[in-house]
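Asker: Take this structure first; my questions come after.
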Amino acid sequence: MTENDKIQILKDILFAEDSDYIEKIAHRLENLESTLNDRQKFSTKVDPIILHQLEEFKTSIPSTLGPTITAALKTEIKKNKDEVVEAMFPILGKMIKKYIAHEIKLLSEKINKQLSFKDRMKSWFGNSTKKQEIIDELAASHIEQVLLIEKDSGLLKASYSVTQTIDEEMISGMLTAIKSFVEDAFGQKNQNLELIDYELYHIHLQSFNRFYIAVILSGNYTTKAKDKLQDLIFDFFEKFTKKDDYHVLDSDSINKQLAQNFGHAHL
Amino acid sequence: MHISKKIVVLGHFGVGKTSLIRRFVENSFSDNYKVSIGVHIVKKEVELSEEDTVSLILWDLEGTDDISRIRDSYLLGTHGLIYVFDVSRPSTFQTINDDLKKLEKRVKGVPVKVVGNKTDLILLDELKTVLDGKEISYDYLTSAKTGEKVNDLFEQLAKMLALDAEKI
């Protein structure tokens, strides 16, 4: 028996318990390694913990992150007020329109209830003649020209026109001057000039934050036509302001967009 | 490249703002004085090169002795100002330095060209002495009647604004 064999026997006697213990640890490590490497096994162990943490996080968001998020949003809105207003304008406009339309419908229903059956029959038969329909069709509003104008400078950004008229850049300047004058004259900074009438033509003005849109119409400009026109304007403006750099877009691309939106529109 | 720029032309009553614009846009002059009311807008395209043009949208404001009474909305978004005075009437340039300070506060950073008009009515040497004495500096001395320096004024301004636009 060599010296080394003797030492090994001595080691086995002295560290018998430790070797069992080390074996157990090695076994556990193997198990742990297999759990870590096996996605399913690992997931069954970890998922409940993560879910629990997430649930806790959800409930604690308002108290922990709430003030930080609110402060960050406030600063961002303050910094980019114009952009926020510009983005909100078409959405708010549509909401207000829907609300008003709903209220008018309710009012109309109330009036209908007040009218007698005889009154209503008379009104239906009296108005819905073929002759009246033809007259209504002939008198319908037609879009002649659409101008997208910078609100402050009055400079023309883009336009769409059915027929060639006098210089659009000068019209834009004059409209801006008239608009500013009327708005100043009444001292109401938050109110906008909305309509200019001259005999057979009407100019509908829709103000936004940096721009306003002037639509020149011929024919009978009814409330129904106004309603449809506003939908077209809001739709256009929503598309127009979608890109971050919309205020520096070249006129040609906006002209095309205007033509697409207003070109085949029926009011 | 085509760009459009808004230019506001202002000054006291009867200094020849409308006449200056008419000389530049239509190359004409009339002795019949008509008071401008409110604002009149005129456009003139200035060709800087074969490819580059500048549309000057000229806002001809009604004359006023008190510059602070000019509506803010008329000055909004302007790219340049032309302050016109009548070289033959000292009352139209006595308050010029104060007026320019007030304007600078309202339209910060916007270039202002100071123009003494009606040089056909006075000897230039005498005028320069008077203006120097009152420490009034000017950019152009023009005559809408003879057309002297009128085109220079608007064309130089157009060039300057085009250069500014290129820098942006």
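Asker: Could you give the nm distance between label points at A:Val248 and A:Leu54, where each point is 7 Å from its Cα heading toward the beta carbon?
Answerer: 4.1
Asker: Just checking the output field for B:68-74: average partner chain Cβ neighbours within 10 Å of each residue's Cβ? Can you show the working numbers first?
Answerer: Numbers: counts 0, 0, 0, 6, 3, 11, 6.
The mean count of partner-chain Cβ atoms within 10 Å per residue comes to 4.
Asker: Within the stretch B:1-62, how many Lys pairs sit with Cα atoms under 16 Å apart, leaving out pairs fewer than 8 places apart on the same chain? Mind showing how you got there, number by number?
Answerer: Details: B:Lys5/B:Lys43; B:Lys5/B:Lys44; B:Lys6/B:Lys17; B:Lys6/B:Lys43; B:Lys6/B:Lys44; B:Lys17/B:Lys34; B:Lys17/B:Lys43; B:Lys17/B:Lys44.
Summing the qualifying lysine pairs gives 8.
Asker: Place the peptides B:107-120, A:30-43, B:75-88 in order of packing, highest mean first, counting for every residue the other Cβ atoms within 10 Å and averaging per peptide. Intermediate results must be reported in sequence, preceding the final value.
Answerer: Details: B:107-120: 18.6, A:30-43: 10.9, B:75-88: 22.0.
My ranking of the peptides, most packed first, is B:75-88, B:107-120, A:30-43.
Asker: Here is a follow-up. Sum up the charges of everything whose Cβ sits under 12 Å from the Cβ of B:Ile37, counting Lys and Arg as +1 and Asp and Glu as -1, but leave B:Ile37 out. Each step should come with its number before you reach the end.
Answerer: Values: positive: B:Lys34; negative: B:Asp60, B:Glu62.
Taking every Cβ under 12 Å from that of B:Ile37, the sum is -1.
Asker: How many partner chain Cβ atoms sit within 10 Å of a residue's Cβ in peptide A:142-152, on average, as a whole number? The partial results should precede the final answer.
Answerer: Numbers: counts 0, 0, 0, 0, 0, 0, 0, 0, 4, 3, 7.
Counting other chains' Cβ atoms within 10 Å and averaging over A:142-152 gives 1.
Asker: Run the dipole for chain A about the Cα centre, Lys and Arg Cβ at +1, Asp and Glu Cβ at -1, nothing else charged, and hand back the magnitude in debye, nearest 20.
Answerer: On the way: 35 positive and 42 negative charges, 346 e Å.
Charge dipole of chain A: 1660 debye, to the nearest 20.
Asker: Same structure, new question: If we sort A:239-249, A:164-174 on the protection proxy, mean other Cβ atoms within 10 Å, highest first, what's the order?
Answerer: Working: A:239-249: 13.2, A:164-174: 16.9.
Answer by packing, highest mean first, reads A:164-174, A:239-249.
Asker: If the elastic network links every pair of Cα atoms under 10 Å, which of A:Phe236, A:Phe15, A:Phe181 fluctuates the most in the Gaussian network model of chain A?
Answerer: In this elastic network of chain A, the residue with the biggest mean-square fluctuation among A:Phe236, A:Phe15, A:Phe181 is A:Phe15.
Asker: Within 10 Å of each Cβ in B:51-62, how many Cβ atoms from other chains are there, averaged over the peptide? Intermediate results must be reported in sequence, preceding the final value.
Answerer: Numbers: counts 0, 0, 0, 0, 5, 1, 10, 2, 6, 0, 1, 0.
Mean partner shielding for this stretch: 2.
Asker: A further question follows. Count charges around A:Gln257 for me, please; just the other residues with Cβ under 15 Å from its Cβ, Lys/Arg as +1, Asp/Glu as -1. Before the final figure, lay out each step's value.
Answerer: Working: positive: A:Lys157, A:Lys239, A:Lys242, A:Lys243, A:Lys256; negative: A:Asp235, A:Glu238, A:Asp245, A:Asp250, A:Asp252.
Charge balance in the 15 Å sphere: 0.
Asker: OK, next. Compute the long axis of helix A:168-185 from its Cα atoms, compare it with the longest principal axis of the Cα atoms of chain A, and write down the angle in degrees, 0 to 90, nearest 10.
Answerer: That works out to roughly 90 degrees.
Asker: What is chain B's relative contact order, in percent, from Cα pairs under 8 angstrom and six or more apart in sequence?
Answerer: Numbers: 287 pairs, mean separation 45.4, N = 168.
The value is 27 percent.
Asker: Would you mind putting B:143-151, A:209-217, A:53-61 in packing order, based on average other-beta-carbon counts within 10 Å, highest first? Don't jump to the answer; show the numbers that get you there.
Answerer: Values: B:143-151: 18.8, A:209-217: 21.4, A:53-61: 10.2.
Answer by packing, highest mean first, reads A:209-217, B:143-151, A:53-61.
Asker: Taking every DSSP beta bridge that has both residues in the stretch B:1-104, what percent is antiparallel when rounded to the nearest 5?
Answerer: On the way: 9 of 22 bridges.
Approximately 40 percent, going by the DSSP bridge assignments.
Asker: Around A:Lys242, with a cut-off of 14 angstrom between Cβ atoms, what is the net charge of the other residues, counting Lys and Arg +1 and Asp and Glu -1?
Answerer: Numbers: positive: A:Lys239, A:Lys243; negative: A:Glu83, A:Glu86, A:Asp235, A:Glu238, A:Asp244, A:Asp245.
Charge balance in the 14 Å sphere: -4.
No value in this document is a laboratory result; all are computed from the given coordinates. Values in this document were obtained by computation on a predicted structure and should not be read as measured data. No Cβ is skipped: glycine too gets one built from the backbone with ideal geometry, and neighbour counts run over all protein chains shown.
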